[in-house]
1. Give the residue that is nearest to Glu87 (Cα to Cα), with candidates limited to residues of region 11-33 that are in contact with a Leu (Cβ under 8 Å, 6 or more places away or on another chain) and either crowded, with 24+ Cβ neighbours inside 10 Å or among the charged types (D, E, K, R) (or both).
2. Look at Lys208 and say whether it is assigned to a loop (DSSP other than H, G, I, E, B) and either within 15 Å of the ligand (Cβ to nearest atom) or more than 29 Å from Pro156 (Cα to Cα) (or both).
3. Could you tell me whether region 80-94 includes any residue that is assigned by TED's automatic domain parsing to the domain that holds Ala58, within 27 Å of Leu59 (Cα to Cα), small (Gly, Ala, Ser) and buried (at least 19 other Cβ atoms within 10 Å of the Cβ)?
4. State yes or no: is Val85 within 16 Å of the ligand (Cβ to nearest atom) and in contact (Cβ under 8 Å) with a residue 24 or more places away in the chain?
5. Would you check if there is a residue in region 217-226 being basic (Lys, Arg) and assigned to a loop (DSSP other than H, G, I, E, B)?
6. In region 230-241, which residues are open to solvent by 50 Å² or more (accessible area, probe 1.4 Å) and either under 18 Å from Gly260 (Cβ atoms) or assigned to a loop (DSSP other than H, G, I, E, B) (or both)?
7. Hey, any hits in region 34-51 for a residue that's open to solvent by 10 Å² or more (accessible area, probe 1.4 Å), free of Cβ contacts under 8 Å to residues at least 60 places away in the same chain and of a type in the set (Ser, Thr, Tyr)?
8. Look through Ile56, Ile115 and report the one residue that is within 14 Å of the ligand (Cβ to nearest atom), open to solvent by less than 10 Å² (accessible area, probe 1.4 Å) and assigned by TED's automatic domain parsing to the domain that holds Ala31.
Amino acid sequence: MFKTRITELLGISYPIIQGGMAWVATHELAAAVSEAGGLGIIAAGNAPGDFVREEIRALKRITDKPFGVNIMLLSPFAEDIVDIVCEEGVPVVTTGAGNPGKYLDRFKDKNIKVIPVVPTVSLGKRLEKQGVDALIVEGTEAGGHIGELTTMALVPQVCDAVSIPVIAAGGIADGRGYVAAFALGAEGVQLGTRFVCSTEAKVHQNYKDKIINAKDRDALVTGRSTGHPVRVIKNQFTREFLELEKANTPVEELERIGAGKLRIAVVDGDVDKGSVMSGQIAGMVNDIKSCSEIIDDIIKEARTVVNSLGGGLNE
Ligand code: TUI
């Protein structure tokens, strides 16, 4: 359960991947996760190419461990980011919010491992045929831009439909979730919200506190009416945005209002007017730990859980 096709593919110690969270997943966080034996990811988000190039170079100055770059395919700079990861010797690319099919040949030419996030079985099967190395199968419990199906329902269906390794995401933050993901057929896990509340995440303390103080029902979904549903922690911004959605505000107007709201929460610390993206698991993330403690605790707890389940089965 700790050495899988994912650890082998990526050359990492534990099959734990850090989510590619815009504004949050900087080179400092990514380097800390990679140094701790997982796979750290720099998120390109909506950032321009030059910024991402500098992030990649900054990460390489502080770690020689494998790492990845997440390309958010709705970004106006997505094409530039593809060029930059091909030029900068990035070993792994993850993608989100779209189909990366048209870029796959260029990644393969540069020997870059490609692991797209998929929210459905059909996209997973299509991308396997097109030659991706693994899939991140993300349930609707996740934070940020989400699909409709839960981790529990989606992961085993994708595992049955493909032969490449699957990494489960959405609703995982501890050793119990890790073992559950493996029981569903996954060979790795991706964690987002848990790593936001790490010492190394360069995120405003107000944002971390909002997650730490969140209860089980505090992460809700805005943007269903726009076709881009986003899971965020309940606040003044979500109340106002959901009212506008109920009043049938045009999509262009909603998108204009939503633009830039993640930055003001993560960087400025305005967690009332900003968008505090987080998964449903926020209710269970109650402290700040270093990335190495987060990973070590998950592995320790997973071993305990497996041993106790094994005992149960023998009775
Ligand atoms: O991408 C994410 N999470 C994100 S991206 C983001 S930035 C953003 N902000 C506002 C609106 C939209 C984006 C914040 N959080 N997670 C991975 C993910 N990918 N979740 C769902 C998907 C996805 C959806 C559709 C992947 C592929 C897909 O394909 C559709 C198609 O073209 O076939």
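The values are calculated or read from the model by the stated rules, or taken from the named source; none is laboratory data. Bear in mind that the values here come from a model prediction, so they are computed numbers and not experimental data. Virtual Cβ from ideal backbone geometry, glycine too; neighbours counted across all protein chains shown. Accessible surface areas use protein heavy atoms only, side chains included; no ligands, DNA or RNA. Shrake-Rupley method; radii C 1.70, N 1.55, O 1.52, S 1.80 Å.
1. In this case the residue turns out to be Ala30.
2. When the stated conditions are applied, Lys208 does not pass them.
3. no
4. no
5. yes
6. Lys234, Gln236, Glu240
7. no
8. Step by step, each of Ile56, Ile115 is checked, and only Ile115 is within 14 Å of the ligand (Cβ to nearest atom), open to solvent by less than 10 Å² (accessible area, probe 1.4 Å) and assigned by TED's automatic domain parsing to the domain that holds Ala31.
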